[in-house]
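Reviewing the structure listed below.
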Amino acid sequence: MVLLDGKTTTEKIKNEIKIELNSFIAKGHRKPHLAAILVGDDGASRTYVDSKERNSLALGFDSTILRLPANTSEADLLAIITDINNNPLIDGLIVQSPLPTHMDEKMITQCISPDKDVDGFHYINMGKLARGDKGFVSATPLGILMMLEAYDIPTSGKHCVVIGRSNIVGRPMSILMSNNSKYGNCTVTLCHSRTTHIEHFTRQADILIVALGKPGFVKANMVKPDAVVIDVGITRIDDSSRKSGFYLKGDVDFEEVKEVASHITPVPGGVGLMTIAALLSNTFTAYKNNIGV
Ligand code: GUN
């Protein structure tokens, strides 16, 4: 069994970005700049945004976090997004979700310039993905693709089963894996919460990608021997014996499934780290488009 290690893989990707960035800086170009807007005080969102900033700065990017109170009006948020859209020195913009309930998240996402939409949530970027055209792909599916590429896992002609149909992970993942591209060309089955006899499908998967948010859902008897198993789940489980008060568990029963799979991602230390690397990669792409290299 090969452990698909997010730590070494992301270090390699970040290093490649750093080397390329240094060559641009040496030629007198500015640094890439990622902006994030956080509305309200959601603890998990704060942690995510802080981590995005830490990783951006470590790579030599500029980072701006705009922390707005939960009672910010939609009009004020849209005015800030417009300012950032028009700022040529900012390459990427993230509006962290969830937004407070008085805001129309779908509408707000569509107000981010597609050229700065490093989350890949804008309809234009989702449309490009569906057509197989170049655009920003949301970070978790892109990170998974980078993982398959890093370990040179053959995908062409394989059966990929994706569990979960979210707009952020499952649906774009299913499109990527079916696209006519080096780490695509799969036959794809998309399973979800209404799929009956889900194990009938998972047992046929050469590549199984699980993103449904149910800790420990996939057991060894649901996995074909020598399948590649990618676990997107990351649920906090209360545990008073730990200092943090919780531990993280994936959607795959790792201890069981690692005995059957040919390759498997750990949780933590797998897809979560790849998501951040993919976001940095998208920001770097937006930057290169902006400086014209
Ligand atoms: N909330 C949870 N995941 C994400 C993400 O990838 N991007 C944004 N903007 N918000 C999120």
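The values are calculated or read from the model by the stated rules, or taken from the named source; none is laboratory data. No experiment lies behind these values; they were computed from the predicted model shown. Here the Cβ positions follow ideal geometry from the backbone for every residue, glycine too, while neighbour counts run over all protein chains shown.
So the values come out like this:
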item: Residue list for the range 108-127, filter: in a helix (DSSP H, G or I) and either over 23 Å from Ala44 (Cβ atoms) or of a type in the set (Gly, Ala, Ser) (or both); result: Tyr123, Ile124, Asn125, Met126, Gly127
item: Any hit, the range 284-293, residues being under 21 Å from the mean Cα position of the chain (by Cα), part of a loop (DSSP other than H, G, I, E, B), among the aliphatic types (A, V, I, L, M) and over 21 Å from Tyr151 (Cβ atoms); result: no
item: Qualifying residues in the range 252-289 (those that are farther than 19 Å from Leu142 by Cβ and buried (at least 24 other Cβ atoms within 10 Å of the Cβ)) - the one nearest to the ligand (Cβ to nearest atom); result: Val252
item: Residue in the range 88-100 that is closer than 22 Å to Leu273 by Cα, away from the ligand (no atom under 15 Å from the Cβ), in contact with a strand residue (DSSP E or B) (Cβ under 7 Å, 6 or more places away or on another chain) and not in a strand (DSSP E or B) present; result: yes
item: Any pair with Cβ under 9 angstrom, 6 or more apart, that starts in the range 31-43 at a residue that is closer than 14 Å to Ile84 by Cβ and ends at one that is within 12 Å of the ligand (Cβ to nearest atom) and among the basic types (Lys, Arg); result: Leu34/Lys52; Ala36/Lys52; Leu38/Arg46
item: Candidates Asp50, Asp83 - the one that is free of Cβ contacts under 8 Å to residues at least 24 places away in the same chain, assigned to a helix (DSSP H, G or I) and more than 15 Å from the ligand (Cβ to nearest atom); result: Asp83
item: Residue that is surrounded by the fewest Cβ atoms within 10 Å (Cβ to Cβ), among those in the range 34-48 that are of a type in the set (A, V, I, L, M) and closer than 15 Å to Pro100 by Cβ; result: Ala44
item: Members of the range 101-132 found to be surrounded by 14 or more Cβ atoms within 10 Å (Cβ to Cβ) and either hydroxyl-bearing (Ser, Thr, Tyr) or under 21 Å from Ser51 (Cα atoms) (or both), listed by number; result: Thr109, Ser113, Lys116, Asp117, Val118, Asp119, Gly120, Phe121
item: Residue satisfying all of: in the range 53-75; part of a loop (DSSP other than H, G, I, E, B) and not aliphatic (A, V, I, L, M); surrounded by the most Cβ atoms within 10 Å (Cβ to Cβ) among these; result: Phe61
item: Selection status of Ser73, among the polar types (S, T, N, Q), over 20 Å from Leu280 (Cβ atoms) and away from the ligand (no atom under 16 Å from the Cβ); result: yes
item: Any hit, the range 13-29, residues being closer than 23 Å to Asp115 by Cα and within 16 Å of the ligand (Cβ to nearest atom); result: no
item: Residue among Asp152, Asp133 that alone is free of Cβ contacts under 8 Å to residues at least 12 places away in the same chain, at positive phi and more than 14 Å from the ligand (Cβ to nearest atom); result: Asp152
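For every residue, the table says whether it meets (1) modelled with pLDDT under 95; (2) farther than 17 Å from Ile37 by Cβ; (3) of a type outside the set (Ser, Thr, Tyr); (4) within 13 Å of the ligand (Cβ to nearest atom).
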{"residue": "Glu105", "(1), (2), (3), (4)": "no, no, yes, yes"}
{"residue": "Val118", "(1), (2), (3), (4)": "no, no, yes, yes"}
{"residue": "Tyr123", "(1), (2), (3), (4)": "no, yes, no, no"}
{"residue": "Gly143", "(1), (2), (3), (4)": "no, yes, yes, yes"}
{"residue": "Leu148", "(1), (2), (3), (4)": "no, yes, yes, no"}
